[in-house]
Amino acid sequence: MGMQAAVQLVYPPQCLSCDALVTTDFGLCARCWRETPFIAGLVCDCCGTPLPGEEGGAPVQCDDCLTIARPWGRGRAVMLYRDNARRLVMALKHGDRLDLARPGAQWLHRAAAPLLQPDTLLAPVPLHWLRLFRRRYNQSALLAAGLARLADLPHCPDLLVRRRNTRSQEGRDREGRFRNLEEAIRVNERRRWQMEGRPVLLVDDVMTSGATLGACADACLAAGAARVDVVVLARVAKDG
Ligand SMILES: [Zn+2]
Ligand SMILES: [Zn+2]
């Protein structure tokens, strides 16, 4: 059975993003697939942003990652946060489109392939419990759980916790975002043993400045993780 047939068995025949019948891989119709900016080719090894140039040489980093200290090692992103990618991420986050978590995990599995090691522990970027209560689910935990199933790796949904309710990151400049997150993310003491001496892969839906992922990576490394890598569904690019 080919990939196409397998996908058609798994997914309903309707496009994830519109009413069209699906004829392409990964649950999107041809038009929505074209309008979704999936990342391919040469990328920043640290954050997954696409870069001009040819794949296959030494790892390269984007200007942001060369300028900002990133506590994590490597990073990948599935798509750029604009156009249909933005709509899909917003629908997963705010629109109760939990069905998007499954194809999202498949896309993450493909993007994260170079980062996965046999003993990697997967963990989502945490939501504060108050927001979790209002929203009822953490979309990043759904994505991490799906990725863990596909990669056959352990997932610890409450490895990290938010200590206080950080106010919304929206409308803040980069410095404000970093300040807002200071001290906010903590390792769950009951879970600490699970990551001691092993690589951790952090999963989030969107990377903007990288401040949240940075705070999470710092917490993991301080608690004894061997290394931390990151994978996100969508990367906000400067020109995007
Ligand atoms: Zn469509
Ligand atoms: Zn980068």
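The values are calculated or read from the model by the stated rules, or taken from the named source; none is laboratory data. What you see is a predicted model; the values in this text were computed from it and never measured. Cβ placement follows ideal geometry from the backbone for every residue including glycine, while neighbour counts extend to all protein chains displayed.
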Next on the checklist: Taking the conditions exactly as written (among the basic types (Lys, Arg) and over 26 Å from ARG190 (Cα atoms)), does ARG97 satisfy them or not?
Outcome noted: yes
Next on the checklist: If the requirement is being at pLDDT 95 or above, under 18 Å from the mean Cα position of the chain (by Cα) and charged (D, E, K, R), which of these qualifies: ARG191, ARG162, ARG227, ARG198?
Outcome noted: ARG227
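This table checks each residue for (1) near ligand 2 (Cβ under 10 Å from one of its atoms); (2) more than 19 Å from ASP205 (Cα to Cα); (3) touching an Asp or Glu at 6+ places or on another chain (Cβ under 9 Å).
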position	(1), (2), (3)
PHE38	no, no, no
GLY41	no, yes, yes
GLN61	yes, yes, yes
GLY75	yes, no, yes
VAL78	no, no, no
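Only one residue in LEU108, LEU122 is at pLDDT 95 or above, surrounded by 18 or more Cβ atoms within 10 Å (Cβ to Cβ) and not in a helix (DSSP H, G or I), so which one is that? Can you show your working first?
Details: LEU108 fails: not in a helix (DSSP H, G or I).
When all the criteria are applied, what remains is LEU122.
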Next on the checklist: Looking at the stretch 64-84, can you tell me whether even one residue there is modelled with pLDDT under 95 and within 16 Å of ligand 1 (Cβ to nearest atom)?
Outcome noted: yes
Checklist entry - Which is among the basic types (Lys, Arg), closer than 20 Å to LEU202 by Cβ and more than 16 Å from ligand 2 (Cβ to nearest atom), of ARG110, ARG86, ARG70? => result ARG110
Item to check | Close pairs from the stretch 198-210: first part of a loop (DSSP other than H, G, I, E, B), partner among the acidic types (Asp, Glu), Cβ under 6 Å, at least 6 apart | outcome: ARG198/ASP119
Checklist outcome for this item: Across the stretch 220-235, the tally of residues that are over 16 Å from ARG192 (Cβ atoms) and either free of Cβ contacts under 8 Å to residues at least 60 places away in the same chain or β-branched (Val, Ile, Thr) (or both) stands at 3
Checklist entry - Is it true that some residue in the stretch 92-99 is within 16 Å of ligand 1 (Cβ to nearest atom), part of a helix (DSSP H, G or I) and surrounded by fewer than 20 Cβ atoms within 10 Å (Cβ to Cβ)? => result yes
Item to check | Residue check for THR36: within 29 Å of HIS155 (Cα to Cα), under 22 Å from the mean Cα position of the chain (by Cα), of a type in the set (Ser, Thr, Tyr) and modelled with pLDDT under 95 | outcome: yes
